[in-house]
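First comes the structure, then the notes that go with it.
Please treat every number below as a calculation from the coordinates, not as lab data. This one's a predicted model, so the numbers in the text were calculated from it and none came from an experiment. We place every Cβ from the backbone using ideal geometry, glycine too, and count neighbours over all the protein chains shown.
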Amino acid sequence: MPVVLRWRGCKYFFFSNEGDPREPLHIHVRCHGARAKFWLSPVAVAENIGFAAHELTEMARVVGDNQQKIERAWHEHFGD
């Protein structure tokens, strides 16, 4: 489970086994007992369990601000 970044106690990561066939590029977020998944292109909430709308908005901004870093980590890890 490669962790790409941490922000305000939240872990931004992807799973090493992202399915077969692999889903499009995305990032998972987990903190304070809640979790979410964001698509990267365009940045959008794919799944949410436990976060309030204002938290998702802030997390989407963090994902957008770090989009290149997340994409680079994804491609380095999966080799594509």
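Taking trypsin sites (Lys or Arg not before Pro) across the chain, the ones in a DSSP loop with at most 13 further Cβ atoms lying within 10 angstrom of their Cβ are 8, 22.
Relative to the longest principal axis of the C-alpha atoms of the chain, give the angle of the C-alpha long axis of helix 53-65, reported between 0 and 90° and rounded to the nearest 10°. Value to nearest ten degrees: 40.
Can you compute the charge dipole magnitude of the chain about its Cα centre, using +1 on each Lys and Arg Cβ and -1 on each Asp and Glu Cβ, nothing else charged? Give it in debye, rounded to the nearest 20.
Details: 10 positive and 10 negative charges, 69 e Å.
Once rounded to the nearest 20, the dipole reads 340 debye.
Within the chain, which chymotrypsin sites (Phe, Trp or Tyr not before Pro) sit in a loop by DSSP and count at most 14 neighbouring Cβ atoms inside 10 Å? It would help to have the intermediate numbers written out before the result.
Values: sites: 7, 12, 13, 14, 15, 38, 39, 51, 74, 78; in loops: 14, 15, 51.
The qualifying sites are 15.
Counted residue by residue at 0.36 nm each, then reduced by the alpha carbon distance between them, the extension gain from residue 3 to residue 75 reaches 24.5 nm. Summing charges over all other residues whose Cβ lies under 12 Å from the Cβ of residue 30, with Lys and Arg as +1 and Asp and Glu as -1, gives +3.
Extending 7 Å from Cα along the Cβ direction at residue 65 and again at residue 16 yields two label points whose distance is 3.0 nm.
Looking at segment 12-80, which GluC sites (Glu not before Pro) are DSSP coil and have at most 16 other C-beta atoms within 10 Å of their C-beta? Write down the numbers at each step before the final one.
Values: sites: 18, 47, 55, 58, 71, 76; in loops: 18.
Those that pass, being in a loop and sparsely packed, are 18.
Largest first, the three principal axis extents of the alpha carbons in the chain are 34, 23, 21 Å in whole numbers. Ordered by the count of other Cβ atoms within 10 Å of each Cβ, fewest first, 80, 65 give 80, 65.
Projecting the Cα atoms of 64, 32, 12 onto the dipole axis of the chain, where Lys and Arg carry +1 and Asp and Glu carry -1 at the beta carbon, places 32 farthest toward the positive end.
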